[in-house]
Amino acid sequence: MERLFDGLFAFLAFVVIVGLVVVIHEAGHHLAAKWVGVRVDVFSVGFGKRLFGWKRGETDYRVSLIPLGGFVKMHGDGISEEPIGAPDELVSRKPWEKMLIFAAGPAMNLVLTPLLLAATYMIGFETSAHVFEAPVVGVVEVGSPAEDGGVRAGDAILAVDGETVEDWRQLGAAVALRPGATVPVRVERDGSEVDIPVTLGVLDPHRIGTLGAHPCLRVVVGSVQSGGAAAAAGLEVGDELLAIDGEPTCASQALVKNLQAGEGSTRTFTVLRDDEELSIALTPRWHEPPGRWMIGIGPRDRAVRTVVERHGPVEALQAGVSDSIDYGGLILTTLGRLVTGHLSMRVLESPIGIAEGASTVARQGLIPSLQFMAFISLNLGLLNLLPIPILDGGRMALVGLEAVRGRDLAQRTKEWILLAGFVMIVVLMVVVLFLDVIKRLES
């Protein structure tokens, strides 16, 4: 029953968040068509059988059975009906007017994105301060590509594969886009810059790159194993581990590394509990498997410092535009690396993954939901501009070709081109859906 409820919630979150973005996209086409004088026969929220609606002027505004996005049906579009040459038909309009209509949908999404992000900045949200700070390594994972390559705690990472990184967000993106590649990682160490060759790892299930170098984070006890060394010593859930034998702890990975170095000797843990520092003597125990010294806790990392991002309207809009440009660049770079084979198609999400993401952010609250909606809107806007037949970019490319030729393509030719684009999109969706299922079976 719980699984059924979770599935229903994910579906509803998908319908609301993604559906709104698609409807706004279609509203762009609708408004542009009306403005240049093209008759709009149908503006539908959803697909399939008409449930209810109203007619205003020549347009049937309806809600349809399948609540996944929506569509606009323009008179004489040359796809679903044969044009007769009437002035209010789409095919009768000038090339620039057609271009405007097709571009208006993606344009609405590209405008919506910074507005949604600006709204989050105006409302205000708490975030980890280190995300926007220079990537100074606090801890290196045991056995990670960073450790194998020679990256050390205290190194300031300046660039990956020649790409400058100024904060942890940029570092994460640069690494994620280069799975399995051997790249120079430039670090500042002891006042000098050094290039370190590192073979990045591949993180399943999405097959993105991983480095294994992290900022210094607070280590908090998330769970205590019954009968384990920590329980016997008196550690409790919620305790913050400040230091081991006077050496500050810095992320759970450093804790694991520190325990192995001690080879089972009794250690003194400095613990913060209810604003009071305690000293607890604790002796790790050897566990086989996994073949290492353990104390029997589930550690969780928390940011050392958080900041509240809240701005006035002007600053919020500036931040929203800046974030949109950064995310847009990441999307385009990802597409480029997918085309060239440097990234696996497993990084793409099917509607299943998007629905799960929508469900997650919906449970987290308004700010994550708006941020997710902004990212979906940006993706929809940019991807629709690709010159693939059936997408807006493909329709614009056909209009441009006809303008260069000085006459329209034959109706049958356009139908075949658009059909080919439709088949391409369907095949891509099937492949992504198949890979999404495989990812879930493997996890």
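The values are calculated or read from the model by the stated rules, or taken from the named source; none is laboratory data. As the structure is a prediction and not an experimental result, all values here were calculated from the model. Glycine gets a Cβ as well: all are built from the backbone with ideal geometry, and neighbour counts include every protein chain shown. Heads up: the accessible areas ignore ligands, DNA and RNA and are worked out on the full protein's heavy atoms, side chains in. Shrake-Rupley method; radii C 1.70, N 1.55, O 1.52, S 1.80 Å.
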What are the aspartates and glutamates whose alpha-carbon lies under 17 Å from the alpha-carbon of Lys49, with same-chain residues fewer than 8 places away excluded?
Asp41, Asp60
Rounded to the nearest 10 Å², the accessible area of His30 using a 1.4 Å probe with every protein chain kept is 20 Å²
Taking amide hydrogens as modeled 1.01 Å from N in the peptide plane, which residues meet the under 5 Å criterion relative to Leu177, leaving out close sequence neighbours?
Gly209
Could you run the Karplus curve 6.51 cos²θ - 1.76 cosθ + 1.60 with θ = phi - 60° over region 151-157 and give me ³J(HN,Hα) per residue in whole Hz, x for Gly and Pro?
6, 10, 4, x, 5, 9, 7
Loop sites only, by DSSP: take the trypsin sites (Lys or Arg not before Pro) in the chain that have at most 12 other C-beta atoms within 10 Å and name the longest stretch containing none of them.
1-304
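For the chain, what does the helix formula give at 222 nm: sum of -39500 (n - 2.57) over DSSP H segments with n ≥ 4, over the residue count, nearest 500 deg cm²/dmol?
On the way: 11 runs with 199 residues, N = 443.
About -15000 deg cm²/dmol.
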In order through region 337-342: 3J(HN,Hα) via Karplus (6.51 cos²θ - 1.76 cosθ + 1.60), integer Hz, x for Gly, Pro:
6, 5, 5, 7, x, 7
Could you state how much accessible area Thr334 has, in square angstrom rounded to the nearest 10, with a 1.4 Å probe and all protein chains kept in place?
30 Å²
Counting only protein heavy atoms and a 1.4 Å probe, tell me what percentage of region 364-443's accessible area is made up of carbon and sulfur.
75 percent
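Of the cross-linked pairs Lys55/Lys98; Lys34/Lys414; Lys55/Lys414; Lys257/Lys439; Lys73/Lys414, which ones have a Cα-Cα span greater than 19 Å in the structure shown? Could you put the intermediate results ahead of the total?
Details: Lys55/Lys98 24 Å; Lys34/Lys414 24 Å; Lys55/Lys414 31 Å; Lys257/Lys439 30 Å; Lys73/Lys414 17 Å.
Violating the 19 Å limit, Cα to Cα: Lys55/Lys98; Lys34/Lys414; Lys55/Lys414; Lys257/Lys439.
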Amide H of Gly154: which non-local residues (sequence gap of 5 or more, or other chain) have their own amide H closer than 5 Å, using H built in the peptide plane?
Val137, Gly138
Could you go through region 29-45 in sequence order and give the Karplus-derived ³J(HN,Hα) for each residue, using 6.51 cos²θ - 1.76 cosθ + 1.60 with θ = phi - 60°, rounded to whole Hz, and x for Gly and Pro?
4, 4, 5, 5, 4, 4, 5, 8, x, 8, 6, 9, 7, 9, 10, 10, 8
Residue-level accessible surface for Thr210, protein heavy atoms, 1.4 Å, Å²:
40 Å²
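Could you please report the charge total around Val18, scoring K, R as +1 and D, E as -1 over all other residues with beta-carbon less than 15 angstrom from its beta-carbon? Please report the intermediate quantities before stating the final value.
On the way: positive: none; negative: Glu26, Glu349, Glu356.
Every neighbour counted, the sum reads -3.
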